[in-house]
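**Q** Please see the structure below; I have some questions.
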Amino acid sequence: SGVNFRSKIFTPRSIQGTVLKPKYRDQKCDGIEITVTDRNLFSPVVTGIELLLTISVLYPEKLIIKEAGINRLFGSNRLIKLLENTAAVNQLIDVINTESDQFRIAAKKFFLYNN
């Protein structure tokens, strides 16, 4: 929730100062355009996990996961271990949401300004 997706064809190009040789440079690629419609509802972590799960179900033969990178981004190997089990991923999302709420509450005392 808080986000829309639509298919998008794009062509990766070199960008001076950032990416000189992107993978698939100058080749047409199918992708997804993500538009945040409500930043209060949007959760980038949950959206990323749901996208990864959807791709693993729809295109398992095309999905190549670099476990070390995903584990580093996620902070543990829990996500990789659970990707084959949709119910377990949904439980993980519930845990992430609970932990995020707890962090927001605990962090409030350190805010310099109120929202």
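What follows draws every value from the coordinates through simple rules; no lab data is involved. As the structure is a computational prediction, the values presented were derived from the model and not from experiment. Here the Cβ is made from the backbone with ideal geometry for all residues, glycine too, and neighbour counts use every protein chain on show.
**Q** Identify the GluC sites (Glu not before Pro) of segment 1-81 meeting these criteria: DSSP loop state and at most 16 other C-beta atoms within 10 Å of the C-beta.
**A** Details: sites: Glu33, Glu50, Glu61, Glu67; in loops: Glu61.
Those that pass, being in a loop and sparsely packed, are Glu61.
**Q** What distance in nm separates the two pseudo spin-label positions at Ile70 and Glu99, each 7 Å out from Cα along the beta-carbon direction?
**A** Output for this residue pair reads 1.6 nm.
**Q** Let me ask something else about it. Of Phe103, Phe42, Phe74, which has the largest mean-square fluctuation in a 10 Å C-alpha GNM of the chain?
**A** Ranking Phe103, Phe42, Phe74 by mean-square fluctuation puts Phe103 first.
**Q** Within segment 61-115, report the trypsin sites (Lys or Arg not before Pro) that DSSP leaves as loop and that have at most 15 other Cβ atoms within 10 Å. Walk me through the intermediate numbers first.
**A** On the way: sites: Lys62, Lys66, Arg72, Arg78, Lys81, Arg104, Lys108, Lys109; in loops: Lys62, Lys66.
Answer by residue number: Lys62, Lys66.
**Q** If you average the alpha carbon positions of segment 44-115 and of segment 16-35, how far apart do those two centres end up, in angstrom?
**A** So the two Cα centres are separated by 24 Å.
**Q** Find the all-direction average of the projected area of the Cα convex hull for segment 1-107, expressing the result in square nanometres with one decimal place.
**A** Directional mean of the projected Cα hull area for segment 1-107 stands at 8.9 nm².
**Q** For a quick protection proxy, order the peptides 52-59, 7-14 by their average other-Cβ count within 10 Å, most packed first. Display every interim value, and only then the final one.
**A** Working: 52-59: 13.9, 7-14: 11.0.
Final packing ranking: 52-59, 7-14.
**Q** Let me ask another. If each DSSP helix of 4+ residues adds -39,500 (n - 2.57) and the sum is divided by the residues in the chain, what number results at 222 nm, nearest 500 deg cm²/dmol? Display every interim value, and only then the final one.
**A** Details: 4 runs with 50 residues, N = 115.
The per-residue figure over the chain is -13500 deg cm²/dmol.
**Q** Check cross-link reach from Lys66 to the lysines: straight Cα distance under 18 Å, and skip same-chain residues fewer than eight apart.
**A** Correct list for Lys66: Lys23, Lys81.
**Q** Got the relative contact order for the chain handy, in percent, Cα pairs under 8 Å and 6 or more residues apart?
**A** Values: 88 pairs, mean separation 21.6, N = 115.
Relative contact order here is 19 percent.
**Q** Work out the length of the dipole vector of the chain about its Cα centre, built from +1 on the beta-carbon of each Lys and Arg and -1 on the beta-carbon of each Asp and Glu, and round it to the nearest 20 debye. Each step should come with its number before you reach the end.
**A** Working: 16 positive and 11 negative charges, 106 e Å.
Roughly 500 debye, rounded to the nearest 20.
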